[in-house]
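Q: Take this structure, written in structure tokens, and hold onto it; I'll ask about it next.
What follows draws every value from the coordinates through simple rules; no lab data is involved. What you see is a predicted model; the values in this text were computed from it and never measured. Here the Cβ is made from the backbone with ideal geometry for all residues, glycine too, and neighbour counts use every protein chain on show.
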């Protein structure tokens, strides 16, 4: 699975 | 999303609304560093390169658009609005911020999550944001008395990253393998730069006196 977007923060 | 991050985002949004209110209500940008506003515009444009490629949520996209649009609008006002631009403290806002941009980019070339254009620009935006407030703090020290809205703007801008630090601690404790070293260390540096401002802000609030930073 795609690595969780490690830029889910602003 | 956790309560700390939501509080951080709302505090950040509040700081922008307070600044827009100050400029709109007083038709003046005295006491505001245009250089800090320009650095923040660079920070948001460099950080949100993934705006159209990675969809996280409506909230995420909406806030990114708000941050980019508001920072560019404020820079535009301070440069081109016929009334607002006249109150810009040009002779006080002289921080040579080119070095901040250069050093942040150099560091991003060395320390990043992945060596891709997007990740290097993301790290660059994180490092640049950590020091972006410096021209504003220097301007406050030089301009003596600080009007209430400007003081509140800087206070909320500093407080938002402090909430983010709590958010990273919370996520580190609740999410397995959660680490954000680049953002975390830069966030601590960023918040530490506000330490003396927070102190004088607290003193002025306690004594109900005018906010004054020692020269």
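Q: Among the numbered criteria (1) within 14 Å of chain A (Cβ to nearest Cβ); (2) out of contact with any helix residue (DSSP H, G or I) (no Cβ under 7 Å at 6 or more places or on another chain); (3) part of a helix (DSSP H, G or I), which single criterion is violated by residue B:73?
A: For residue B:73, the failing item is (1).
Q: Right, another one. Only one of B:124, B:95, B:67 is touching a helix residue (DSSP H, G or I) at 6+ places or on another chain (Cβ under 7 Å), crowded, with 18+ Cβ neighbours inside 10 Å and farther than 24 Å from residue B:184 by Cα. Can you tell me which? Give the derivation first.
A: On the way: B:124 fails: farther than 24 Å from residue B:184 by Cα; B:67 fails: farther than 24 Å from residue B:184 by Cα.
Sole residue among the options that is touching a helix residue (DSSP H, G or I) at 6+ places or on another chain (Cβ under 7 Å), crowded, with 18+ Cβ neighbours inside 10 Å and farther than 24 Å from residue B:184 by Cα: B:95.
Q: Of all residues in the range B:44-56 being part of a loop (DSSP other than H, G, I, E, B) and facing chain A (nearest Cβ under 8 Å), which is nearest to residue A:9 (Cα to Cα)?
A: Checked the range B:44-56; the qualifying residue nearest to residue A:9 (Cα to Cα) is B:56.
Q: Residues in the range B:15-32 that are part of a helix (DSSP H, G or I) and more than 14 Å from chain A (Cβ to nearest Cβ): how many?
A: Applying the first criterion (part of a helix (DSSP H, G or I)) to the range B:15-32 yields B:15-26.
Filter again for more than 14 Å from chain A (Cβ to nearest Cβ), leaving B:17-26.
Adding up the residues that qualify gives 10.
Q: Taking the condition within 24 Å of residue B:35 (Cα to Cα), buried (at least 19 other Cβ atoms within 10 Å of the Cβ) and without any contact (Cβ under 8 Å) to a residue 60 or more places away in the chain, does residue B:201 pass? Steps first, please.
A: Numbers: within 24 Å of residue B:35 (Cα to Cα): yes; buried (at least 19 other Cβ atoms within 10 Å of the Cβ): yes; without any contact (Cβ under 8 Å) to a residue 60 or more places away in the chain: yes.
So residue B:201 fits the description; yes.
Q: Based on this model, can you work out whether residue B:8 counts as part of a helix (DSSP H, G or I) and more than 13 Å from chain A (Cβ to nearest Cβ)?
A: On the way: part of a helix (DSSP H, G or I): yes; more than 13 Å from chain A (Cβ to nearest Cβ): no.
Against the criterion (part of a helix (DSSP H, G or I) and more than 13 Å from chain A (Cβ to nearest Cβ)), residue B:8 does not qualify.
Q: Of B:159, B:215, which residue is surrounded by 16 or more Cβ atoms within 10 Å (Cβ to Cβ) and farther than 16 Å from residue A:6 by Cβ? Please lay out each step first, then the result.
A: Numbers: B:215 fails: surrounded by 16 or more Cβ atoms within 10 Å (Cβ to Cβ).
Unique residue meeting the criteria: B:159.
Q: Take the range B:17-34 and flag every residue that is surrounded by fewer than 21 Cβ atoms within 10 Å (Cβ to Cβ) and closer than 30 Å to residue B:120 by Cα.
A: B:17
Q: I need the full set of residues from the range B:163-181 which are crowded, with 19+ Cβ neighbours inside 10 Å and closer than 21 Å to residue B:123 by Cβ, in order please.
A: B:164, B:167, B:168, B:180
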